[in-house]
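Contents: one structure, followed by commentary.
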Amino acid sequence: MIARAGGGDAAKRRNATSTHSPPALVAMGAKDRLRIHVQGALNHGATPEEIQDVILTMMIYAGRRRATEAIEVAREVLLANSQG
């Protein structure tokens with residue numbers, strides 16, 4: 001495992017973390033960390049639609065309030081990316 005960490009596996013893990021962490025962060029209401037992971041997901045090729053789908057799916061599990069907060073965080077990140 002250590003030998004593989006020097007190659008492409010590390011990049012795959014970063015991508016997986018950026019795309020798999022947001023659902024847990026939505027459920028926890030961890031808006032600051034969610035902001036970081038939404039940006040990371042975008043950096044690793046996730047589309048705004050994919051991020052929205054994840055958040056809307058989490059509404060079922062985490063509730064409307066948490067999902068609404070997460071949508072606002074995602075909008076802020078997307079807006080910052082479109083301006084910068």
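Figures for the structure shown
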quantity	calculated
Selected residue [under 11 Å from the mean Cα position of the chain (by Cα) and modelled with pLDDT under 90] from P23, P48	P23
Residue count, region 49-67 (criterion: over 16 Å from Q39 (Cα atoms), touching a helix residue (DSSP H, G or I) at 6+ places or on another chain (Cβ under 8 Å) and not β-branched (V, I, T))	7
Output for region 57-71, where each listed residue is farther than 13 Å from K31 by Cβ and surrounded by fewer than 18 Cβ atoms within 10 Å (Cβ to Cβ)	T57, M59, I60, Y61, G63, R64
Filtered residue count, region 1-20, keeping only those that are β-branched (V, I, T) and at pLDDT 60 or above	1
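The values are calculated or read from the model by the stated rules, or taken from the named source; none is laboratory data. Quick caveat, the model's predicted, so the values are computed rather than measured. Cβ coordinates were reconstructed from backbone atoms using ideal geometry, including for glycine residues, and neighbour counts include every protein chain displayed.
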